[in-house]
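Colleague: Have a look at this one before I ask anything.
Just so it is clear, none of the values below were taken in a lab; they were calculated from the coordinates. Not measured: the values here are computed from a predicted model. So basically every Cβ, Gly included, is an ideal-geometry build from the backbone, and we count neighbours across all protein chains shown.
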Amino acid sequence: MTNTTAVKTALVTGASRGIGAAIALRLAKDGFYVYVNYTSNEAKAREVLDQISAAGGSGELCRFDVSDSTQVDEKIAAIGKTKAPLSVLVNNAGITVDSLLIRMKDEDLEKTLSVDLKGAIYCTRAAAIQMMRQRSGSIIQISSVVGESGNPGQAAYSAAKAGLIGFTKSVAKELASRQVRVNVVTPGFIATDMTGALTEPQKEAILRSVPLGFFGAPDDIACVASFLASSASRYITGQVIGVNGGMYM
Ligand code: NAP
C-alpha cells in the first residue's frame, strides 16, 4: 500500500468492547479508516470490525498492549507507513483495580498507572510525531469523572485519570502551533463490562448522584469523540469535556 493523504485514519485503543467499540464504530461511520486496538480479546475486536464492515466502513485489527512502549512505537510507526499518517488517536484503553489506599498493592498501583496513564502517554508521543509532520491531528483522551471529583476506593485510578488531564493540557500547548489538538473526555457512569462488575446496591447509590437520573451509554461518549475528531471542533484544544449526566459540575 502506498501513502495517500486522502485516507483519514483513526486509532482507537481498547476498541474491542464498551466505549472504545462505540467510538470505533462511530468514527468509521464518519469516514475514518479505523484501527481497532485490543490486547487480549481478539474475538470481540473482530466483532467490532465486522460491524464496521457491515455498516459500510473500513478498518483493521491492531493488537498491542498500550503499557508496552516498544509495542506502541512499532505499531503506530507501522500505521503511519502503510495507509496514511494518523489523523486521530483516541486513548481509550483502561483498567480499574480498586482498593482503599491503605490496602493498595504496589503491583496494582503499577498496573493501573501503566495502562491508564503511561499507555496514553506512549500512544500520544508516537502519534504526535506523525501529526506534527502533517500539521494536523486530533488526540482524544478518555479520562473519567473520578479524575476530577475523586472517589474512595479508586485512588490509583483517579490519580491516573487526573494525570491524563495535566498531561493533555501540557501537550495541547506543545502541539498547538502544528495544529494538533489534544482534548480530554471525562465520562461519568457508562454501562459497560467495567461497570457491570458493580453490585445493584452500588449502582443504585451511584444513580442517586446523577442529576439526569440515568446511566450513560457508550454512544454518549462516541458522539463527543466524533465531534472532537472532526473539523467542527477546530478551535477546541486543551479542554476537559464532562459527559456525566451532571454528576460533576
Ligand atoms: P471495558 O469495557 O472494560 O473495555 C476496556 C478496553 O480496554 C477493552 O477493549 C480492553 O481490551 C482494553 N484494554 C485493557 N487493557 C489494555 C491494554 N493494556 N492495552 C490495550 N488495550 C487494553 O472499559 P470501558 O468501560 O469501555 O472503558 C473505556 C475507557 O473509559 C477506560 O479508559 C475507562 O477508564 C473509561 N471510563 C469508563 C467509565 C464507565 O463507566 N464505563 C467511566 C469513566 C471512564 P481487551 O478486550 O483485549 O481486554
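Colleague: Which Rg and Dmax, in Å, describe the Cα atoms of the chain?
Modeller: 17.2, 54
Colleague: Which order do the peptides 137-149, 112-124 come out in when sorted by mean C-beta neighbours inside 10 angstrom, highest first?
Modeller: The most tightly packed comes first, giving 137-149, 112-124.
Colleague: In addition: Any idea what angle helix 18-29 forms with the longest principal axis of the chain, computed on alpha-carbon atoms, 0 to 90 degrees, nearest 10?
Modeller: Once rounded, one gets 30 degrees.
Colleague: Further, regarding this structure: Let me know the charge dipole size of the range 1-61 about its Cα centre in debye, to the nearest 20, where only the beta-carbon of Lys, Arg (+1) and Asp, Glu (-1) is charged.
Modeller: Here the size comes out at about 140 debye.
Colleague: While we're here: Taking a ≥ b ≥ c as the square roots of the eigenvalues of the Cα gyration tensor of the range 51-197, is the shape rounded (a/c under 1.5), prolate (a/b larger than b/c) or oblate?
Modeller: Note, shape of the range 51-197 comes out prolate.
Colleague: If you bin the C-alpha pair distances of the range 1-101 every 10 Å from 0, what whole percents do you get?
Modeller: 17, 48, 28, 5, 2, 0
Colleague: Here's another thing I want to ask about it. In the structure shown, do any of Lys105/Lys173; Lys8/Lys111; Lys161/Lys203; Lys44/Lys161; Lys173/Lys203; Lys81/Lys105 have a Cα-Cα gap over 30 Å, and if so which?
Modeller: Lys105/Lys173; Lys8/Lys111; Lys173/Lys203; Lys81/Lys105
Colleague: Also, I was wondering about something else. With charges only on Cβ, +1 for K and R and -1 for D and E, what is the dipole size of the chain about its Cα centre, in debye, rounded to 20?
Modeller: Result for the chain is approximately 940 debye, rounded to the nearest 20.
Colleague: Which three extents, in angstrom, do the Cα atoms of the range 152-203 have along their principal axes, listed largest first?
Modeller: Largest to smallest, the principal-axis extents are 48, 21, 12 Å.
Colleague: Say R0 is 22 Å: what FRET efficiency, to the nearest 0.05, do Ile236 and Val7 get from their beta-carbon distance?
Modeller: Result of the calculation: an efficiency of 0.40.
Colleague: Measure nothing but the geometry: give the 0 to 90° angle between the long axis through the Cα atoms of 69-81 and the longest principal axis through the Cα atoms of the chain, rounded to 10°.
Modeller: Orientation of helix 69-81: about 40 degrees from the principal axis.
Colleague: Calculated FRET efficiency, Ser209 and Thr70, Cβ-Cβ r, R0 30 Å, to nearest 0.05?
Modeller: 0.15
Colleague: For every helix of n ≥ 4 consecutive DSSP H residues, a contribution of -39,500 (n - 2.57) applies; sum these over the chain, divide by its total residues, and give [θ] at 222 nm rounded to the nearest 500 deg cm²/dmol.
Modeller: Dividing the helical sum by the residues of the chain leaves -13500 deg cm²/dmol.
Colleague: So if R0 is 51 Å, what FRET efficiency would Ala217 and Lys81 give, r being the distance between their Cβ atoms, rounded to the nearest 0.05?
Modeller: 0.90
Colleague: If you place +1 on the Cβ of every Lys and Arg, -1 on the Cβ of every Asp and Glu, and leave all else neutral, what size is the dipole of the range 117-234 about its Cα centre, to the nearest 20 Debye?
Modeller: My answer is approximately 780 debye.
Colleague: Let me have the relative contact order for the range 1-141, percent, based on Cα pairs under 8 Å that are six or more residues apart.
Modeller: Relative contact order comes out at 27 percent.
Colleague: How far is helix 155-175 tilted off the main Cα axis of the chain, in degrees rounded to 10, range 0 to 90?
Modeller: Its long axis makes an angle of about 30 degrees.
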